[in-house]
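**Student:** So that we are looking at the same thing, I have put the structure below in structure tokens.
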Amino acid sequence: MSPVFPMLTVLSMFYYMCLRRRARTATRGEMNSRRAIESNTRALPINVEIVQYAKEVLDFSSHYGSENSMSYTMWNLAGIPNVYPSSGDFTQTAVFRTYGTWWDRCPSARLPFKRTPSTFCSQDYVELAFEEPVYPTAVHILETYHPGAVVRILACSANPYSQNPPAEVRWEVLWSEAPTKVNGPQARQFTPCIKQINFPTNLIRLEVNSSLLDYYTELDAVVLHGVKERPVLSLKTAMIDMNDIDEDEDEEKYGCGMDTLNKQFSIVTLREWPTNGYFDKLPYELIQLILSHLTVPDLCRLAQTCKLLYQHCCDPLQYIHLSLQPYWARINDTSLEYLQSRCTLIQWLNLSWTGNRGAISVSGFSRFLKVCGSELVRLELSCGHFLNETCLEVITEMCPNLQELNLSSCDKIPPQAFNHIAKVGSLKRLILYRTKVEQTALLSILNFCSELQHLSLGSCVMIEDYDLIASMMGAKCKKLRSLDLWRCKNITESGIAELASGCQLLEELDLGWCPTLQSSTGCFTNLARKLPNLQKLFLTANRSVCDTDIEELAANCTHLRQLDILGTRMVSPASLRKLLESCKDLSLLDVSFCSQIDNRVVLELNANFPNVFIKKSFTQ
């Protein structure tokens with residue numbers, strides 16, 4: 001072959017090599033793909049099938065409910081069904097924190113990471129433990145309201161009840177699919193066709209994407225079917241569909257996982273051509289631009305072609321923004337070590353969901369940040385259960401330019417560790433949802449991080465006096481644009497007054513499920529008058545919200561886009577009409593369980609204001 005060849009020829013060669021490798025491997029017996037085996041292949045009935053409900057909920061990324069109750073929490077997924085086959089909104093089910101695209105269309109919305117694989121669309125997850133490890137034959141998910149959110153089901157090789165932790169933890173995808181729109185909110189039993197795996201499991205993970213749903217999805221129970229002995233396959237024919245190439249399966253089966261690919265990055269014995277063909281004629285910047293459209297595994301593959309492309313694929317400019325969340329199951333200390341030399345200029349880093357069950361150690365994380373943290377501006381660590389006080393200390397010392405820190409659902413971090421965050425005076429965004437941050441640490445953070453624009457304290461149950469916190473925000477955080485106080489249990493009209501007086505740039509405020517706020521004190525009218533820039537206001541489950549509050553919002557907050565007044569008994573259709581006529585940008589209005597707003601009123605308002613999504617939930 002001539003050493004001079006165009007770019008397309010190089011890429012075509014790699015694709016051809018991948019196809020040949022898959023075909024060769026499959027014919028040697030790698031027949032686990034659910035689509036690689038023809039329909040006449042079936043398991044021999046050598047085992048009695050075991051049927052079991054989830055014994056325990058081990059981990060999850062978010063839930064609608066409170067940390068101190070069972071209503072709408074993920075813990076409702078343990079055990080037998082509470083609701084199914086009934087349909088409707090029931091507190092005994094498991095509900096995630098968000099739905100639809102509303103959270104991506106508000107002032108607190110974050111910019112997405114580039115290079116996220118199109119196959120990765122998960123937004124939330126829950127992990128369930130079962131009593132007996134089995135080879136799965138079926139997974140039934142009982143969905144009781146607005147089904148269709150589950151996009152991926154995985155099985156883990158680790159037994160959560162074993163006294164001896166395994167040397168290697170493997171995750172295998174049993175089923176995955178892009179989000180789909182399901183017609184109607186009625187209950188259903190979802191039983192996707194899962195693939196066989198070569199290890200027994202009693203740890204199942206569901207990943208969900210609720211972006212296409214009209215309301216919160218509700219899950220009631222998960223049933224795992226399986227056998228104790230590995231099924232023996234009776235193969236009459238073994239035909240491989242060469243068009244059936246799945247990126248995730250390629251990575252897992254053929255050594256293209258992050259760990260293996262990063263090891264391949266270090267290979268320097270690459271074939272050297274006399275020239276690099278048309279690549280020698282392209283400007284360096286243009287090649288960099290072309291490669292910027294590749295995912296990280298694709299960069300790893302391309303780096304194995306020649307020294308020129310190896311140099312481009314290892315250039316730190318390719319790793320300014322890096323999200324490893326899509327590869328959470330395969331990221332470990334070795335992965336971070338091999339990425340270090342390429343991430344010296346990194347500014348955005350997403351390690352959400354990674355590192356659990358010993359995959360990333362404190363020392364491995366610390367070594368990485370000591371090399372790569374100096375330019376970091378944004379750090380996403382949601383559900384990073386390996387994080388401890390040492391990690392937070394390293395973050396504050398090694399990331400002097402940090403502006404955004406996400407510790408959502410990092411519930412293993414001890415309370416005293418959050419004091420270190422106060423050292424990062426440049427912070428503009430801080431997400432502490434479902435963490436154990438305490439009042440003293442939070443007061444210190446607010447005092448020294450006066451540049452904060454976005455702050456999430458949802459479900460932070462260890463804060464004793466939210467009025468004091470609100471007073472400190474009003475005094476120190478004058479630039480605050482969004483504030484999440486979801487399920488804050490003790491804020492009163494005094495704290496709201498201090499907040500509204502001091503943080504007049506607020507555009508988004510979530511006071512959902514704050515039971516100590518009463519409309520009769522004038523707290524909501526005060527908010528409406530002091531915060532004219534409000535675009536999103538959630539007063540969820542506050543039964544005291546009344547017509548006066550709605551009319552004040554209509555008069556003063558004309559930029560309002562999202563309003564949630566679920567559960568109020570005091571709001572009439574007339575005040576809602578005034579609001580809809582005044583707030584021309586309003587796109588979401590949740591009036592679920594509002595006793596004066598029946599279905600007839602909702603239909604009338606929908607007809608007169610077609611651009612507004614008016615939600616009325618129900619229970620059968």
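The values are calculated or read from the model by the stated rules, or taken from the named source; none is laboratory data. Bear in mind the structure is a predicted one, so any value in this text is a computation, not a measurement. Because the Cβ atoms are built from the backbone with ideal geometry, glycine has one as well, and the counts that use them run over all protein chains shown. The area values use the complete protein model at the heavy-atom level, side chains included, leaving out ligands, DNA and RNA. Shrake-Rupley method; radii C 1.70, N 1.55, O 1.52, S 1.80 Å.
**Student:** Considering (1) open to solvent by 20 Å² or more (accessible area, probe 1.4 Å); (2) within 16 Å of D298 (Cβ to Cβ), say which one T334 fails and leave the rest.
**Tutor:** Going through the list (1) open to solvent by 20 Å² or more (accessible area, probe 1.4 Å); (2) within 16 Å of D298 (Cβ to Cβ), T334 breaks only (2).
**Student:** If only one of F593, F613 is farther than 30 Å from A470 by Cβ, surrounded by fewer than 22 Cβ atoms within 10 Å (Cβ to Cβ), assigned by the TED database to the domain that holds G495 and of a type in the set (F, W, Y), which one is it?
**Tutor:** Testing whether each residue is farther than 30 Å from A470 by Cβ, surrounded by fewer than 22 Cβ atoms within 10 Å (Cβ to Cβ), assigned by the TED database to the domain that holds G495 and of a type in the set (F, W, Y) leaves just F613.
**Student:** Would you pick out the residues in region 451-500 that are of a type in the set (S, T, N, Q), assigned to a strand (DSSP E or B) and out of contact with any Asp or Glu (no Cβ under 6 Å at 6 or more places or on another chain)?
**Tutor:** none
**Student:** Test L324 against the stated conditions and say whether it is free of Cβ contacts under 8 Å to residues at least 40 places away in the same chain and closer than 23 Å to C121 by Cα.
**Tutor:** No; evaluated as a whole, the condition is false for this residue.
**Student:** Select from region 507-518 the residues that are under 25 Å from the mean Cα position of the chain (by Cα), under 28 Å from R569 (Cβ atoms), open to solvent by less than 60 Å² (accessible area, probe 1.4 Å) and of a type outside the set (G, A, S) and list them in ascending order.
**Tutor:** E508, L509, D510, L511, C514
**Student:** Among the numbered conditions (1) open to solvent by 40 Å² or more (accessible area, probe 1.4 Å); (2) assigned to a loop (DSSP other than H, G, I, E, B), tell me where F386 comes up short.
**Tutor:** Going through the list (1) open to solvent by 40 Å² or more (accessible area, probe 1.4 Å); (2) assigned to a loop (DSSP other than H, G, I, E, B), F386 breaks only (1).
**Student:** Does region 343-357 contain any residue that is small (G, A, S), within 23 Å of the chain's Cα centre (by Cα) and open to solvent by 60 Å² or more (accessible area, probe 1.4 Å)?
**Tutor:** Within region 343-357 (the criterion being small (G, A, S), within 23 Å of the chain's Cα centre (by Cα) and open to solvent by 60 Å² or more (accessible area, probe 1.4 Å)), the answer is no, since none of the residues qualifies.
**Student:** Scan P81, P45 and give me the residue that is at pLDDT 95 or above, open to solvent by 20 Å² or more (accessible area, probe 1.4 Å) and not hydroxyl-bearing (S, T, Y).
**Tutor:** So the residue among P81, P45 that is at pLDDT 95 or above, open to solvent by 20 Å² or more (accessible area, probe 1.4 Å) and not hydroxyl-bearing (S, T, Y) is P81.
**Student:** Checking Q562 against (1) out of contact with any Lys or Arg (no Cβ under 8 Å at 6 or more places or on another chain); (2) in contact (Cβ under 8 Å) with a residue 60 or more places away in the chain; (3) under 17 Å from L527 (Cβ atoms): exactly one of these is not met. Which one?
**Tutor:** The one condition Q562 does not meet is (1).
**Student:** Just to be sure, is S374 of a type in the set (S, T, N, Q) and either within 22 Å of N388 (Cα to Cα) or assigned to a loop (DSSP other than H, G, I, E, B) (or both)?
**Tutor:** It is true that S374 is of a type in the set (S, T, N, Q) and either within 22 Å of N388 (Cα to Cα) or assigned to a loop (DSSP other than H, G, I, E, B) (or both).
Residues are listed down the side, and each one gets a yes or a no for (1) assigned by the TED database to the domain that holds T516; (2) among the aromatic types (F, W, Y); (3) surrounded by 22 or more Cβ atoms within 10 Å (Cβ to Cβ); (4) at pLDDT below 95:
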{"position": "C449", "(1), (2), (3), (4)": "no, no, no, no"}
{"position": "L455", "(1), (2), (3), (4)": "no, no, yes, no"}
{"position": "S459", "(1), (2), (3), (4)": "no, no, yes, no"}
{"position": "A470", "(1), (2), (3), (4)": "no, no, yes, no"}
{"position": "G474", "(1), (2), (3), (4)": "no, no, no, no"}
{"position": "D484", "(1), (2), (3), (4)": "yes, no, yes, no"}
{"position": "E493", "(1), (2), (3), (4)": "yes, no, no, no"}
{"position": "I496", "(1), (2), (3), (4)": "yes, no, yes, no"}
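**Student:** Just the residues that are touching a strand residue (DSSP E or B) at 6+ places or on another chain (Cβ under 6 Å) and either in a loop (DSSP other than H, G, I, E, B) or crowded, with 19+ Cβ neighbours inside 10 Å (or both), please, taken from region 58-78.
**Tutor:** D59, F60, S61, S62, Y64, Y72, M74, N76, L77, A78
**Student:** Can you tell me which residue among K478, K436, K423 is under 28 Å from D59 (Cα atoms), modelled with pLDDT of 95 or more and open to solvent by 30 Å² or more (accessible area, probe 1.4 Å)?
**Tutor:** The unique qualifying residue is K436.
**Student:** Another question, then. State whether one or more residues within region 554-571 are on the phi > 0 side of the Ramachandran plot and open to solvent by less than 50 Å² (accessible area, probe 1.4 Å).
**Tutor:** yes
**Student:** Then there is this: Which one of these does L392 not meet: (1) in contact with a Gly (Cβ under 9 Å, 6 or more places away or on another chain); (2) in a helix (DSSP H, G or I)?
**Tutor:** Just one mismatch for L392, condition (1).
**Student:** Ok, one more. Go through region 272-314 and report how many residues are of a type in the set (D, E, K, R) and either surrounded by 13 or more Cβ atoms within 10 Å (Cβ to Cβ) or in contact (Cβ under 8 Å) with a residue 60 or more places away in the chain (or both).
**Tutor:** Number of matching residues: 3.
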